[in-house]
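Contents: one structure, followed by commentary.
Every number in this text was worked out from the coordinates using simple rules, so none of it is lab data. Only a predicted model underlies this, so the values are computations on that prediction, with no experimental measurement involved.
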Amino acid sequence: MTIDPSSIKVVNNPEKKRFEVVIDEHVAVAEYMLVKNKIIFTHTEVPKELGGNGIGSKLAKTGLEYAKAEGLEVMPLCPYIAGYIKRNPEYIPLVQKGINIK
């Protein structure tokens, strides 16, 4: 399934503790936990039907921009979010001290 990148809308769903993209019956998610002044990214998943459309990157960027806007430290336990930060080093200052992304 090919998706127009401009049509991808990421929504923060705090009740389910995740950023999500819903397209047809498919849901892509970046799950998180909020603990004090930290956002802990635990899992990112994009259904295979939606793969290859940049949805994972858009989920990661939206979550990290949210963290920046809210003044939250980031704990990227999810390997996808950690990899996104490594590829986009402008987000390294958000990462909790002591966590090595490099």
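Normalised by the number of residues in region 22-94, the average gap of Cα pairs under 8 Å and 6 or more apart makes the relative contact order 31 percent. Helix 55-70 and the long axis of the chain differ in direction by around 40°, with both axes built from C-alpha atoms. Taking a straight Cα-Cα cut-off under 17 Å and skipping sequence neighbours fewer than 8 places away in the same chain, the lysines within cross-link reach of Lys86 are Lys58, Lys61, Lys68, Lys97, Lys102. The Cα center of region 26-44 and the Cα center of region 65-102 differ in position by 12 Å.
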